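The values are calculated or read from the model by the stated rules, or taken from the named source; none is laboratory data. Keep in mind it's a predicted model, so treat the numbers as computed, not measured. Every residue, glycine among them, receives a Cβ derived from its backbone with ideal geometry; neighbour counts consider all protein chains shown. Please note that ligands, DNA and RNA were not included when accessible areas were found on the heavy atoms of the full protein model with its side chains. Shrake-Rupley method; radii C 1.70, N 1.55, O 1.52, S 1.80 Å.
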Amino acid sequence: MFGAVALYFPQMLFGLAVTLAVAAGSLLLGLIIAMVGAPASLYGPKVVQHLVDGYVGLIRGLPELLVIFLIFYGGTVALTKLFGHYVEVSGFMAGVVALSVVAGAYLVEILRGALVAVPVGQWEAARALGLRPLPAFRRVILPQMIIRALPGLGNQWLVILKDSALVSIVGLEELMRKSLIAAGATHQPLGFYLAAAALYIGVTAVSTVFISHAEARLAPQRRER
Amino acid sequence: MNTDLFLQAARAVFSGLWLTLVVTLAAYVIGQVFALPLALARTSGRRWLNAPALTFTFVMRGSPLLVQLFIIYYGLGQIEAVRSSLIWPLLRSPLGCAILAVGLNSAAYTAELVAGAILHVPKGQWEAAKALGIRAPVTLARIILPQAYRAILPALGNEMILVMKGSTLASTVTVMEMTGAARVFVARTYAPFEAFAVAGLIYLLLGAMFGFGFRRVERCVAIPGK
């Protein structure tokens, strides 16, 4: 069992790299969605607020796998109609888009909570000192917001990482798919899935250490004495 | 989009509704049943109880549900001792594996919830019960746990929706619940929007129903006037 796993281990590490790329890309895109969505849902016009709330509510109620299928199969059909010839959506594209759309909804909630938690007085004080809106946001509000959002962001990163395994079902060759192929080729499913689980747990554990380290660094006033 | 295709899609998706409900409800019950002893082990001061429970929740929460399902469905059958054991009939059936995987995964998350809630009940409750001469097991069952569970009821309702979402993975081991049925329909007709829209709508409705049910329970067990 261990010999077979050792033989395919380089392939699995390659898959792990794809997993990390998909997860990191989705987190980044999700954050971009949330950076627009969170302020829009708080301060935007009523119509925009309802739109963002609808998006958040819809995604939170739908299974991730369904969203992935919808974007993978639906994307191919929609783009083919749009361009007039056959366009295939790749597993990577579908995976990143689907995971970002899902993560974006949760991240909107996280950033919205963090934004509300920064006292209004901070904004007023920054403006009273003559900072323009953009610098006031970037240099006064944003740093305080990020500290409050960090636990939620760290959690969401772990959720995206684990959800990325679902993209293997639409054929993306990440860690889970590599394990599946190796398990099929060698008839040793147990060893390969245990190895995959161990790799995921390893990444989760390392991430957790980094996140708590970042929290301690960014919020010295909250360190336990 | 034409209505005829919609009706066909709805019929296909509805054929999977039953399995979605079976997996969701059975896995939720398994999750709740396993969560309590795990939570008690997690809150116990004894290392030999705490360490295994902590390891279990860490492993289950640190790896994807899909991997856990594949380990149970494809992996365990490789071990001779498992194939000759009493639980083999359960592990041989894809439905049994799906329920077990989603259930154990949910148990790990629920155990952390329950453990947190138990620790959150004020220490004075334990002390008062002890002063009244109530034995520790009775205190736990009649005084601590009711308060802990009342506090996390909204989260337990949320967990049910998460279990419902997890039940979609059953389609990867040939259990054709709603998402799986919708995917088969899409592969046959190449009309992705109809089937997935119907499935999505039913998931939203089910989620709303679970939420409604749990809010009813919350109101029933709430302390009057609070």
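Would you say A:L161 is assigned to a helix (DSSP H, G or I), modelled with pLDDT of 95 or more and either crowded, with 18+ Cβ neighbours inside 10 Å or of a type in the set (K, R) (or both)? Spell out how you get there, then give the answer.
Working: assigned to a helix (DSSP H, G or I): yes; modelled with pLDDT of 95 or more: yes; either crowded, with 18+ Cβ neighbours inside 10 Å or of a type in the set (K, R) (or both): yes.
When the stated conditions are applied, A:L161 passes them.
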## Note on the structure
Among B:A195, B:A199, B:A182, B:A187, the single one that is more than 8 Å from chain A (Cβ to nearest Cβ) and crowded, with 23+ Cβ neighbours inside 10 Å is B:A195
### Task
Evaluate the range A:167-176: report whether one residue or more is open to solvent by 30 Å² or more (accessible area, probe 1.4 Å), more than 10 Å from every other protein chain (Cβ to nearest Cβ) and in a helix (DSSP H, G or I).
no
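How many of the residues in the range B:51-82 are among the basic types (K, R) and facing another protein chain (nearest Cβ under 7 Å)? Working first, answer last.
Filtering the range B:51-82 for residues among the basic types (K, R) gives B:61.
With the extra rule that they be facing another protein chain (nearest Cβ under 7 Å), the set shrinks to none.
Adding up the residues that qualify gives 0.
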#### Entry: Residue list for the range B:52-80, filter: surrounded by fewer than 16 Cβ atoms within 10 Å (Cβ to Cβ) and modelled with pLDDT of 95 or more
B:P52, B:T55
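Which residue, of B:A115, B:A107, B:A129, is away from chain A (no Cβ under 14 Å), surrounded by 15 or more Cβ atoms within 10 Å (Cβ to Cβ) and within 19 Å of A:N155 (Cβ to Cβ)? Even if it seems obvious, please write down each step before you answer.
Details: B:A107 fails: within 19 Å of A:N155 (Cβ to Cβ); B:A129 fails: within 19 Å of A:N155 (Cβ to Cβ).
None of the others qualify; the one that does is B:A115.
Yes/no per residue for (1) modelled with pLDDT of 95 or more; (2) more than 15 Å from A:A105 (Cα to Cα):
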residue	(1), (2)
A:A4	no, yes
A:F9	no, yes
A:L16	yes, yes
A:V22	yes, yes
A:S26	yes, no
A:G30	yes, no
A:L42	no, no
A:K46	yes, yes
A:H50	yes, no
### Query
What single numbered condition from (1) open to solvent by 30 Å² or more (accessible area, probe 1.4 Å); (2) in contact (Cβ under 8 Å) with a residue 60 or more places away in the chain; (3) in a helix (DSSP H, G or I) fails to hold for A:R127?
(2)
### Task
Report, by residue number, each residue of the range A:63-88 that is more than 9 Å from chain B (Cβ to nearest Cβ) and either open to solvent by 30 Å² or more (accessible area, probe 1.4 Å) or not in a helix (DSSP H, G or I) (or both).
A:I71, A:L79, A:T80, A:K81, A:L82, A:F83, A:G84, A:H85, A:Y86, A:V87, A:E88
### Query
So which of A:L107, A:L20 is open to solvent by 10 Å² or more (accessible area, probe 1.4 Å) and either under 18 Å from the mean Cα position of the chain (by Cα) or under 21 Å from B:T168 (Cα atoms) (or both)?
A:L20
